[in-house]
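Below is one structure; the comments refer to it alone.
Each value in this text was obtained by applying a stated rule to the coordinates, not by laboratory testing. None of these values were measured; they are calculated from a predicted model. In this analysis, Cβ positions are derived from the backbone assuming ideal geometry, glycine residues included, and neighbour counts consider all displayed protein chains.
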Amino acid sequence: PGWFSEISPMWPGEAHSLKIEKILFQGKSEYQKVMVFQSSTYGKVLVLDGVIQLTERDECAYQEMITHLPLCSIPNPKKVLVIGGGDGGVLREVARHSSIEKIDICEIDNMVVEVSKQFFPEVAVGFNDPRVTLRIGDGVAFLKAAPEGTYDAVIVDSSDPIGPAQELFEKPFFQSVARALRPGGVMCTQAESIWLHMDIIEDIVANCRHIFKGSVNYAWTTVPTYPSGMIGFMLCSTEGPVVDFKHPVNPIDQKECEKSPRPLKFYNPEIHTAAFCLPLFAKRKIGSK
Ligand SMILES: NCCCN[C@H]1CC[C@H](NCCCN)CC1
């Protein structure tokens, strides 16, 4: 029955549309409106407050890159924290790393978890891994309470800065992430689009360069159903063992990449390195030493 158009003040004057076959769920949580619909060509789609979060067809590009860019950059990740990520997709990807012993996740909205389990079983499969501990709550408070140097990696799989995730783009939050990481630990955050939010990205880069004394690099992937067709990530490491994000030291073993029921669809070592290559207009503003 018609089309869904992703109209938002965050990307004025443009809107990506998907043809709706059937609306499968509409609800309102404590934090946001939640909708699921069956699209004609991208499978099922999860929408929060009118913003597309994932589609079955292209979620692999985002979940695989936001997870493997950090985890393949450090030799032996053991303890990982996911902030946000309530659909479970990042958990599914973290679980591919055999060195991982513990996966904590802090998601603020339980409705996202329940809706993902009901409508996106191939994404929510991540919650089944025995190493996962789910906390429903505010990631800012969770990190404040985390003991210093707890995690090898923190992945911030957030929505956009307008809405419940606003604080996850601010300096105090990045400081609390740096404190919760061990020396040489890494953070990877959802860092918006160079076509839409260069100003937000510049703020994030400035804050991260100030807080993370290791390396700070912006990488990106293509997601057809995100506005401008791409999304970026901020890769940061604390001081300690040097992390060279551009050359992965810890490749996912081949059999894990092919493992059923859900083999990798997007990430590979070459695209890992390529993800850090930027167009001139972005290099000029973001750069990297
Ligand atoms: N695990 C999937 C969650 C995806 N997070 C975000 C969903 C909203 C999306 N807006 C893109 C806005 C334009 N850059 C960014 C990623």
May I ask you to list the residues in the stretch 208-225 that are of a type in the set (Phe, Trp, Tyr) and either more than 16 Å from the ligand (Cβ to nearest atom) or closer than 19 Å to Phe173 by Cβ (or both)?
Phe212, Tyr218
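Provide a single number: the residues in the stretch 209-223 that are of a type in the set (Gly, Ala, Ser) and within 20 Å of Glu239 (Cβ to Cβ).
Selection size over the stretch 209-223: 2.
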Pairs needed: first member in the stretch 64-81, in a strand (DSSP E or B); second member anywhere, among the acidic types (Asp, Glu); C-beta distance under 6 Å; at least 6 residues apart or different chains.
Lys79/Asp152; Leu81/Asp104
Among (1) surrounded by fewer than 21 Cβ atoms within 10 Å (Cβ to Cβ); (2) within 26 Å of Phe266 (Cα to Cα); (3) more than 11 Å from the ligand (Cβ to nearest atom), there is one condition His68 misses while meeting the rest; what is its number?
(1)
Restricting to the stretch 75-94, and then to whatever is surrounded by fewer than 21 Cβ atoms within 10 Å (Cβ to Cβ) and touching a strand residue (DSSP E or B) at 6+ places or on another chain (Cβ under 7 Å), can you tell me which residue is farthest from Ile7 (Cα to Cα)?
Lys78
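Can you tell which of Ala191, Ala206 is farther than 27 Å from Glu101 by Cβ and surrounded by fewer than 20 Cβ atoms within 10 Å (Cβ to Cβ)? Give the steps one after another, and end with the answer.
On the way: Ala191 fails: surrounded by fewer than 20 Cβ atoms within 10 Å (Cβ to Cβ).
Selected residue: Ala206, the only one of Ala191, Ala206 that is farther than 27 Å from Glu101 by Cβ and surrounded by fewer than 20 Cβ atoms within 10 Å (Cβ to Cβ).
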Can you tell which of Gly139, Gly126 is under 15 Å from the mean Cα position of the chain (by Cα), under 22 Å from Phe212 (Cβ atoms) and crowded, with 22+ Cβ neighbours inside 10 Å?
Gly139
Just checking, how many residues over the stretch 226-257 are in contact with a Leu (Cβ under 7 Å, 6 or more places away or on another chain), within 13 Å of the ligand (Cβ to nearest atom) and not aromatic (Phe, Trp, Tyr)?
2
